[in-house]
Amino acid sequence: MTTTTSAPRTRRGRRARLPYVLLIPAVAVLAVGMGYPVYWQITTSLHTYGLAQQFGQPAPFVGLANYTRILGDERLWAVVVRSVLFCLVNAFLTVGIGVGVALLMRAVNRIVRVVLQVSMLLAWAMPMVAAVTVWKWLFDWRTGVVNWLLVQLGATSYDQHNWFAQPLSFFFVASVIIVWMSVPFVALSVFAALTQVPDEVVEAARIDGAGPVATFRWITVPMIRPVLAIVLLLQIIWDLRVFAQIRLLQDSGAPVSETNLLGNFIFELGIGRQDFASAAAVSILVLALTVLVSWPYVRSLLKEDRS
Amino acid sequence: MSATVRVRAGAAARPAAADRPDATVRSRRTGVRRLAGRVLAGLVAVAVSLVWVFPVYWMLLSALTPNARLRAMPPTFWPSAATWSNLRDVITGTSFATALRMSLAVTGLTVLVVLGFAFLAALAISRFRFRGRTAFVLTVLIVQMLPAEGLFIAQYKMLSATGLLNSVIGISVLYTAAIVPFTIWMLRGFVEGVPADLEEAAMIDGLSRTQAFWRITLPLLAPGLVASGVYAFLQAWNEFTVALVALPAESAQTLPLWLRGFLAASANKGVDWGQVMAASTLLAVPVIIFFLVVQSRMTSGLVSGAVKG
């Protein structure tokens with residue numbers, strides 16, 4: 001800009017630049033904290049990264065060799081199948097139970113509803129590490145409440161039963177914890193949506209002879225479908241990235257290689273074995289999968305922004 | 001659908017159909033059946049409440065119970081021999097103070113920086129239309145979905161290359177980058193809720209743009225800033241995954257890492273669950289308090305975006 005520019009034009013110029021100036025700090029921190037790691041992983045996944053490179057040797061470019069190697073690895077596929085299964089089972093369980101709890105909140109009187117809502121909120125508020133620690137104690141083999149209760153109910157084989165030794169019962173405990181932690185969000189969101197279904201419509205359906213099940217299926221579900229869809233999508237996205245709960249439960253002596261999910265697999269490859277090229281390749285695949293699965297959610301948010 | 005999620009979860013529902021006068025014309029049999037249904041629903045609801053609240057109750061109760069009693073079978077489900085010794089032992093242990101200091105430093109720094117950065121960005125995208133705006137919004141929305149597990153190997157390498165492993169600054173940068181996107185999105189809604197006309201009216205009345213901002217807009221945004229701040233606090237305070245790779249040294253542990261280590265150390269000599277639950281309680285109590293303050297906003301923030309429009 002030259003010095004001859006008149007004052008009003010300068011002000012307009014400053015005004016046009018202002019939004020970009022306001023974005024600088026956020027863009028900078030995202031570039032450092034997220035952008036650079038993504039860039040590093042892409043380049044690392046396209047090069048050899050062995051012991052020599054750890055000590056500063058140049059890394060030869062190998063194209064997609066890391067990807068083909070990792071995609072040919074049975075261990076990866078075992079982890080992928082396990083992760084997807086675990087994710088889907090937990091997401092559908094969580095949404096199913098959450099909708100059930102939301103319907104309960106609608107069906108009961110005010111006092112019971114408040115009790116239910118407060119319990120949900122307390123469970124939701126528990127920090128993840130604290131929640132896993134408490135559940136570990138509930139499932140403790142020697143003095144845990146769960147084993148004690150099962151024995152009282154007649155299942156005497158659960159006396160001193162170790163839940164973490166077998167992969168299947170390990171994942172059962174992990175699912176209990178994740179469903180317990182995730183149901184409150186679903187229940188409260190769906191309940192908020194249910195309160196918006198007009199009573200007149202439900203009443204009209206009943207007068208037309210629809211039973212409670214038909215009313216729910218043909219009136220309630222279509223009206224709360226947008227919330228159901230988004231809640232299910234978010235659960236799938238969140239349950240695909242379960243890492244910490246598994247890591248913490250593995251501390252209880254579980255067979256690690258048989259209980260790893262995708263995040264744990266990356267951790268083991270990278271931090272554990274220092275195989276950064278493979279870890280970077282798997283990370284990129286996980287990021288691509290996340291973007292793919294989250295796309296409907298991102299698009300709906302973007303649509304909201306445009307309106 | 002925009003109204004759907006604005007309603008607080010706790011808002012009173014409309015009166016149920018059974019309470020209405022037109023229900024009286026129905027046969028008594030339907031009435032009895034409906035009453036039975038309501039009683040059953042009430043019983044199920046109480047059972048569900050018990051299942052969901054029990055772990056929280058059990059944590060608090062165990063924290064206040066001597067370990068000898070916790071080891072005894074059958075377990076006691078109500079307070080019988082309350083003691084503060086578990087909590088006292090944990091608090092006076094040296095590792096707790098170190099971890100608490102670390103957590104406070106990391107969380108405090110993260111919350112302040114996140115709020116500042118996100119507020120400026122939210123102003124930009126809600127008050128201005130400019131080239132590249134959609135690209136920025138799209139980036140923010142995608143970045144907030146990226147899982148820490150897909151990035152932490154690179155973040156670990158980045159911090160170790162710059163000598164920032166185990167430092168408050170290093171992990172705070174990672175936390176800020178992870179938390180800023182959703183906070184921008186959250187604050188954007190609040191900023192749009194304050195009409196720009198209000199600011200302009202104040203300027204016509206003789207305030208400068210800066211004055212109008214400080215005296216009119218900012219006070220109206222205070223609830224949004226508080227909600228976003230609590231959101232950022234909860235994220236940073238509870239975070240485990242990134243901390244696990246960014247803070248490998250025991251002396252640099254935040255509280256979630258410390259709790260994990262506390263349990264592991266206790267396991268070596270037969271777990272002292274009373275102390276472990278006291279440690280969990282110390283991590284959880286501030287969170288539960290903050291969470292109850294802010295939860296309604298968080299529910300609507302997460303879902304509303306998707307439902308509106």
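Of all residues in region B:138-162, which are closer than 15 Å to residue A:291 by Cα, among the hydrophobic types (A, V, I, L, M, F, W, C) and within 23 Å of the chain's Cα centre (by Cα)? Hits for region B:138-162 are B:140, B:141, B:142, B:143, B:145, B:146, B:148, B:151. Put simply, of B:82, B:124, B:99 the only residue that is over 30 Å from residue A:24 (Cβ atoms) and within 14 Å of chain A (Cβ to nearest Cβ) is B:99.
For region B:88-104, residues that are in contact (Cβ under 8 Å) with a residue 12 or more places away in the chain and either surrounded by fewer than 15 Cβ atoms within 10 Å (Cβ to Cβ) or over 24 Å from the mean Cα position of the chain (by Cα) (or both) total 4. When region A:124-180 is examined, which residues are found to be over 19 Å from residue B:267 (Cα atoms), buried (at least 17 other Cβ atoms within 10 Å of the Cβ), within 19 Å of the chain's Cα centre (by Cα) and without any contact (Cβ under 8 Å) to a residue 12 or more places away in the chain? Those that are over 19 Å from residue B:267 (Cα atoms), buried (at least 17 other Cβ atoms within 10 Å of the Cβ), within 19 Å of the chain's Cα centre (by Cα) and without any contact (Cβ under 8 Å) to a residue 12 or more places away in the chain: A:125, A:127.
Listed here are the residues, each with its yes/no results for (1) assigned to a helix (DSSP H, G or I); (2) basic (Lys, Arg); (3) at pLDDT below 95; (4) surrounded by 12 or more Cβ atoms within 10 Å (Cβ to Cβ).
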site	(1), (2), (3), (4)
A:8	yes, no, yes, no
A:18	yes, no, yes, yes
A:29	yes, no, no, yes
A:36	yes, no, no, yes
A:49	no, no, yes, yes
A:53	yes, no, yes, yes
A:63	no, no, yes, no
A:87	yes, no, no, yes
A:90	yes, no, no, yes
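Yes/no per residue for (1) under 22 Å from residue B:248 (Cβ atoms); (2) in the same structural domain as residue B:221 (by TED's automatic domain parsing); (3) free of Cβ contacts under 8 Å to residues at least 24 places away in the same chain:
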site: B:150; (1), (2), (3): yes, yes, yes
site: B:160; (1), (2), (3): yes, yes, yes
site: B:166; (1), (2), (3): yes, yes, no
site: B:202; (1), (2), (3): no, yes, yes
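Please find, among B:139, B:241, the residue that is surrounded by 15 or more Cβ atoms within 10 Å (Cβ to Cβ), among the polar types (S, T, N, Q), assigned by TED's automatic domain parsing to the domain that holds residue B:283 and in contact (Cβ under 8 Å) with a residue 60 or more places away in the chain.
Within the list B:139, B:241, the selection yields B:241.
Only one of the numbered conditions (1) surrounded by fewer than 21 Cβ atoms within 10 Å (Cβ to Cβ); (2) within 11 Å of chain A (Cβ to nearest Cβ); (3) in contact with a Leu (Cβ under 8 Å, 6 or more places away or on another chain) is violated by residue B:161, and that is (3). Applying the condition of being within 11 Å of chain A (Cβ to nearest Cβ) and of a type outside the set (A, V, I, L, M, F, W, C) to region B:181-195 and asking which residue is farthest from residue B:221 (Cα to Cα) yields B:181.
The values are calculated or read from the model by the stated rules, or taken from the named source; none is laboratory data. Treat the numbers as computed from the prediction; the structure is a model and nothing was measured. We place every Cβ from the backbone using ideal geometry, glycine too, and count neighbours over all the protein chains shown.
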